[in-house]
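Each remark here refers to the structure printed beneath this line.
The values are calculated or read from the model by the stated rules, or taken from the named source; none is laboratory data. From a predicted model like this one, the values you see are computed outputs, not experimental measurements. Counting neighbours? That spans all protein chains shown, and the Cβs are built from the backbone with ideal geometry, glycine included.
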Amino acid sequence: MGFVDPYEEAKKQLREAVDLLGYGVEVYEALAVPERVVQVKVPVRMDDGSLRVFVGWRVHHNSALGPYKGGVRYHPEATMNETIALSMWMTWKCSLMGLPYGGGKGAVRVDALRLSRGEYERVSRAYFSALSRFVGVDLDIPAPDLFTNPQVMSWYVDEYSRIMGGQYFGVVTGKPEDLGGLRVRTYATGLGVAIVAREVARRVIGGIEGATVAVQGYGNVGSNAAIFLEEMGAKVVAASDIYGGIYNSKGLSTREVKETVDKTGSVINYDKIERKISNEELLTLDVDILVPAAVENVITERNAPEVKAKIIVEGANGPTTVEAENILTEKGTVIVPDILANAGGVVTSHIEWVNNRMGGWITEEEARRKLEEKMVNAFKATWNYWETKLDMKKQNMRTAAYLIAVDRVVKAMKLRGWL
Ligand code: GLU
């Protein structure tokens, strides 16, 4: 097994959906190729006086349903093809969730952990200023992703507003509360993961109460998913990050683990554990629910035969390769796909964007209620489609989600005369 190109994976998933929906090669091609790929130079004066030039991208995959929407990640291994794949997944995610958005994604090829705060700010401002003509409240609305956060969104708003001459808070989502953000957005993706995990557990293993869970990745998504799952009565027995993992068969205190990460930078410094484990071991633990909440391509054809979890809830984007998913489907593993499982972030982004446009009216309780409702309804719609229109033994839940999502985009493209 060699390198897996996420764009190739995304195209395979699209091809299957287009074929099953009975559309031809024209529809496939119209969706496989992104509408626009912008590459920008990100020149930054470093603290030591040297000039470094980073490369960034913003991909506009499809705008049939509305302005492009999707996060920006800072990652030393980010590539254009990965960004294209992620933008395509955003198109399906927004469509499946019934949002008035198309799909977009951005990335800067930089190791954010090695930047000082000043460098981090200058990278952010340089990237957004280079992109200023390609984003906008009704054009493209970025948000946080890996290694970006509400502070980065604040710099984006400020840079864009300065260039445009106005105050455009709705140009990005995932902002701090004082700049028109919603508190819910800070934990929304993790909460959404927990909500769908609860829904799927009800149907597959009789409920979330007492279910054992392993979480890979303890960033914004993984840590909040773990905390909400514990609140719902699940037992989170394992957690990990890039430095390694921890295991306790009696359950970890997920909030304490989060405090340890905030203080020391890693879950491995948490000591109320039975043993340390590797990331590889975490993925194959004998648990009820596995939540991969880190990066792409961690469940591959190599380790899929060893995966023992009955349910996988994809907190990350693209954690399971197509080959691995085929193996897991044959084993009967239920996979709640990324475009459904981790949609809580973008759903809340939509609430934030609407709120900005209306001048601010929504309370945290109301936003949270809307998020719950959207996640549960989308889960039910996907599950029902899977149960009534597909062969649950041979086809997986991702196929159901894709058929709903792709069909909605195709219908919009037809209405607009693009097909
Ligand atoms: N980066 C998140 C995702 O992959 C959120 C995107 C958004 O809120 O626009 O879904």
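Listing for the model above:
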item: Scope segment 314-340; condition in contact with a helix residue (DSSP H, G or I) (Cβ under 6 Å, 6 or more places away or on another chain), within 16 Å of the ligand (Cβ to nearest atom) and either without any contact (Cβ under 8 Å) to a residue 40 or more places away in the chain or closer than 23 Å to Ala78 by Cα (or both); matching residues; result: Glu314, Gly315, Asn317, Gly318, Pro337, Ile339
item: Residue that is within 18 Å of Leu113 (Cα to Cα), of a type in the set (A, V, I, L, M, F, W, C) and modelled with pLDDT of 95 or more, where the choices are Val37, Val72; result: Val72
item: Flag if Lys308 is over 22 Å from the mean Cα position of the chain (by Cα), away from the ligand (no atom under 16 Å from the Cβ) and over 15 Å from Met397 (Cβ atoms); result: yes
item: Matching residues in segment 341-367 - criterion: being assigned to a helix (DSSP H, G or I) and either away from the ligand (no atom under 16 Å from the Cβ) or among the hydroxyl-bearing types (Ser, Thr, Tyr) (or both); result: Thr348, Ser349, Glu364, Glu365, Glu366
item: Segment 162-192, residues that are hydrophobic (A, V, I, L, M, F, W, C), part of a helix (DSSP H, G or I) and surrounded by 21 or more Cβ atoms within 10 Å (Cβ to Cβ); result: Phe169, Val171, Val184, Ala188, Leu191
item: Residues located in segment 288-313, provided they are touching a strand residue (DSSP E or B) at 6+ places or on another chain (Cβ under 7 Å), free of Cβ contacts under 8 Å to residues at least 60 places away in the same chain and part of a loop (DSSP other than H, G, I, E, B); result: Val307
item: Candidates Gly174, Gly210, Gly180 - the one that is away from the ligand (no atom under 15 Å from the Cβ) and at positive phi; result: Gly210
item: Single condition Trp353 does not satisfy, out of (1) at pLDDT 95 or above; (2) closer than 30 Å to Asp178 by Cα; (3) of a type outside the set (Ser, Thr, Tyr); (4) touching a Leu at 6+ places or on another chain (Cβ under 9 Å); result: (4)
item: Close pairs from segment 90-117: first without any contact (Cβ under 8 Å) to a residue 40 or more places away in the chain, partner away from the ligand (no atom under 15 Å from the Cβ), Cβ under 6 Å, at least 6 apart; result: Asp111/Pro76
item: Search result, residues across segment 368-414 that are surrounded by fewer than 21 Cβ atoms within 10 Å (Cβ to Cβ) and touching a residue at least 24 places away in the same chain (Cβ under 8 Å); result: Arg368, Glu372, Val376, Lys380, Lys393, Lys394, Gln395, Asp407, Arg408, Ala412, Met413
item: Among (1) surrounded by 23 or more Cβ atoms within 10 Å (Cβ to Cβ); (2) closer than 27 Å to Leu419 by Cβ - the single one Gly56 does not satisfy; result: (2)
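Each row is one residue, and each column tells you yes or no for (1) within 18 Å of the chain's Cα centre (by Cα); (2) assigned to a helix (DSSP H, G or I); (3) under 21 Å from Tyr68 (Cβ atoms).
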site	(1), (2), (3)
Tyr120	no, yes, no
Leu146	yes, no, yes
Val152	yes, yes, yes
Tyr160	no, yes, yes
Ala194	yes, yes, no
Glu199	no, yes, no
